[in-house]
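Some notes on the structure that comes next.
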Amino acid sequence: MGGAASKPETPSIQTSPTETYSPELEKPWRTFDWGQKEALKEKLENFSLSHPDVKEIKILVAGQIGAGKSSFINSVQSVFQRRISSRALVETSAGDSRSFTQNLKGFLIRSGTKTLPFVFKDIMGLEPEVLAGAQTDDIINALFGHVKDGYKFNQEQALTHKDEHYTSDPALSDQSFCLVYVIAADLVQSTDDKLLEKLKIIRRRISEKGIPQVIVMTKVDEACPLVKDDLRKVYLSKKIKQKMDLCSLKIGLPLSNIFPVKNYHDEIDTKDDVDVLILKALEQIVQIADDRLVDTQCD
C-alpha cells in the first residue's frame, strides 16, 4: 500500500528491523589527496638516488599466480607513457594454473624519452606446492643479486652456483632493495597456508639482510562493488579496509606498507584516479628502497 520507498544514496544491507549496514565508512581511514597526480609524477621523474655507485634501484616484484604482478609493472609504465603499455606479457586465459612469467626479466620505466632510475624485476609466480612456481631460494637469490636476467626458472630445482646464470659475487648495483609482493584483494581470504609459509621463509631470510617489503593489493575494484563504481571510495570501503587488515595479519607487514591499486586491464586509455593510486604506491616503494640503499653505506 502507498508509494515505494526511495532508495538510499549509499547501498545498505538490512541487519535488523531497525538497523542497516553501510559498506561505506563515515570518513576515509587513510588521508589521500586525489589531486596529487602531476606532483607525484614530477617527483618520481626527478628522483635522485642516495648512493654514488648505484645508477638505478632494482625492485623485485613477486606474487601468487593471477594476482597481477606483471600487470602492475605494465600499469606503472602506462602512467608515465600516458597510454596503455603491455611490455610485461600477461596471461589472458581464464583459469590457467601456471605462471605465464618463466624467466627473470628487468623492466626499465620511461617517461617520454627519459629513463627513470628504477627497474622492476619480474619473476615467476608463487604457488603453494613445493615443486610448483618460483622456488623460494630463487626469489631470495634474485633479491641478493645472484641471478642474472634471462634465467629460466626450474620448478623442481632452485638455481645453483654452478649455473651460468648465477653471479657468485654480485655488485651493489646487481641487488634489489625492495621486495614488492602483489596480492589480489579478492584472494586475501583464501590465500593457501603453504603459500604463506613460503612467504614467511622469504621474509625471514631477506629481513636478516635489511631488505624492506611492501604489499601492493590489486583488483580492489573486483573485491568491492562500492570501489568498482567509484575508485575514490577505496579508503572509505569497509570491505577493502578489512582485506588490508587481514593481509597485514596474514603476511606480517604493517598497514603503512600496504597499498591498494587498480591495474589497467581492459582500458584503452589511462585515467587520473587509477594513475594516482599507482603513483603513490610507487613513490613509497622507491623511497623505502632508497632508504635501504642509504643503509648499505653503514653496513
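Judged by the mean number of other Cβ atoms found within 10 Å, the most tightly packed of the peptides 113-126, 220-233 leads the ranking 113-126, 220-233. Measuring with a 1.4 angstrom probe and ignoring ligands and nucleic acids, residue 87 comes out at about 100 Å² accessible. Packing, as the average of other Cβ atoms within 10 Å across residues, places the peptides 53-65, 69-81, 235-247 in the order 69-81, 53-65, 235-247, highest first.
Pairs exceeding a 20 Å alpha-carbon distance, out of 194/250; 43/209; 37/121: 43/209; 37/121.
The values are calculated or read from the model by the stated rules, or taken from the named source; none is laboratory data. All of these numbers come straight from a predicted model, not from anything done at the bench. We place every Cβ from the backbone using ideal geometry, glycine too, and count neighbours over all the protein chains shown. Side chains included, ligands, DNA and RNA excluded: accessible areas come from the protein's heavy atoms. Shrake-Rupley method; radii C 1.70, N 1.55, O 1.52, S 1.80 Å.
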